[in-house]
Amino acid sequence: MRTLVIGDIHSGQRALEQLLDRIQITSQDHLVFLGDYVDAWSTAVETIDFLIQLKDQFNCTFIRGNHDELCRSWLMDGKENPQWLAHGGAATRESYLKAPRRIWESHLEFYADLQNYFLDENNRLYLHAGFTNLKGVDFEYFDELFYWDRTLWELARAINPNLEATHKDFPKRLTHYKEIFIGHTPISKTSVVPPQNGANVWNIDTGAAFKGCLTALDVGTKVFWQSDPVHKLYPGEKGRN
């Protein structure tokens with residue numbers, strides 16, 4: 001069985017379908033999605049519909065992203081957040097305004113069921129953004145950090161690659177897990193790039209909301225697959241700037 005971790009989709013349903021076709025997923029695979037399913041491209045509703053159908057056919061784990069929480073908040077109370085609208089939310093709002101309210105209800109259930117993090121049987125941790133507590137995710141004070149924090153990736157990138165995990169100066173919060181897989185911070189907004197590794201942290205966000213592609217990584221072998229640049233699958237659209 002493969003465990004395949006998939007980066008930030010940002011409403012790029014066309015890229016997701018293309019990527020899954022290239023992976024050739026089977027019923028034996030476990031698909032772990034790192035969040036940010038909406039905000040950027042025009043097919044927000046279609047993307048969530050596709051994911052809901054996918055979980056009925058395959059073993060899927062869905063992590064909560066900050067954009068998913070922003071969208072959920074708007075669906076629930078109708079209050080428009082200018083920051084959300086400016087960073088991809090406008091396209092998502094337009095997508096939902098064209099959809100019947102019964103769709104909203106089923107999607108609200110999907111958003112509510114998202115997980116803040118997932119720890120697999122091999123002590124690999126999956127979450128959207130990061131955490132700050134030195135003792136690990138079980139001791140985090142604020143759930144919002146799981147889908148908003150950026151310090152984890154900054155920390156991982158700053159570590160000397162020759163520093164062993166057993167060294168006294170190796171960051172404590174990274175020592176609790178064999179590997180950590182995150183999205184949230186795009187590696188590039190302007191070109192196609194591979195996923196990146198710092199210390200025992202892997203960043204799978206390859207800029208699908210911008211001019212990058214959507215990426216999936218086999219966590220065991222580190223083989224990865226990518227879609228075409230997502231903006232080329234949505235001609236005439238700007239995505240996120």
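3J(HN,Hα) along segment 194-206, derived from phi through the Karplus expression 6.51 cos²θ - 1.76 cosθ + 1.60 where θ = phi - 60°, amounts to x, x, 10, 10, x, 6, 9, 10, 10, 9, 9, 7, 9 Hz, with x in place of Gly and Pro.
Per residue, the solvent-accessible area of segment 1-127 (1.4 Å probe, heavy atoms of protein chains only, all protein chains present) comes to 43 Å². Only lysines eight or more places from LYS168 in sequence, or on another chain, were considered; those with a Cα closer than 27 Å are LYS135, LYS178.
Going toward the positive end of the dipole of segment 1-145, with +1 on Lys and Arg Cβ and -1 on Asp and Glu Cβ, which of ALA90, TYR141, ASN116 do you reach last? Selected residue: ALA90. For TYR126, TYR177, the ranking by accessible surface with the largest value first comes to TYR177, TYR126, using a 1.4 Å probe. The aspartates and glutamates whose alpha-carbon is closer than 15 Å to the alpha-carbon of LYS211, local same-chain residues fewer than 8 away aside, are ASP8, ASP39, ASP228, GLU237. Across segment 1-23, the residues whose backbone nitrogen lies under 12 Å from the label position 7 Å along the beta-carbon direction of LYS178 are 3. With point charges of +1 on the Cβ of Lys and Arg and -1 on the Cβ of Asp and Glu, referenced to the Cα centre of segment 117-195, which listed residue (PHE181, THR166, GLY130) lies farthest in the positive direction of the dipole? Most positive-ward Cα: THR166. Taking the longest Cα principal axis of the chain as reference, the axis of helix 44-55 is set at about 60 degrees. The residues packed around ASP21, meaning those with a beta-carbon under 14 Å from its beta-carbon, carry a net charge of -1 if Lys and Arg are +1 and Asp and Glu are -1. Rolling a 1.4 angstrom probe over the chain with all protein chains present gives an accessible area of which 48% lies on carbon and sulfur atoms. Relative to the Cα centre, the charge distribution of segment 17-165, modelled as +1 at Lys and Arg Cβ and -1 at Asp and Glu Cβ, gives a dipole magnitude of about 240 debye.
The values are calculated or read from the model by the stated rules, or taken from the named source; none is laboratory data. Because the structure is predicted, anything quoted here is derived from the model rather than measured. Neighbour counts are summed over all protein chains in view; Cβ atoms, including those assigned to glycine, are modelled from backbone coordinates with ideal geometry. Surface areas here come from the heavy atoms of the whole protein model, side chains and all, with no ligands, DNA or RNA. Shrake-Rupley method; radii C 1.70, N 1.55, O 1.52, S 1.80 Å.
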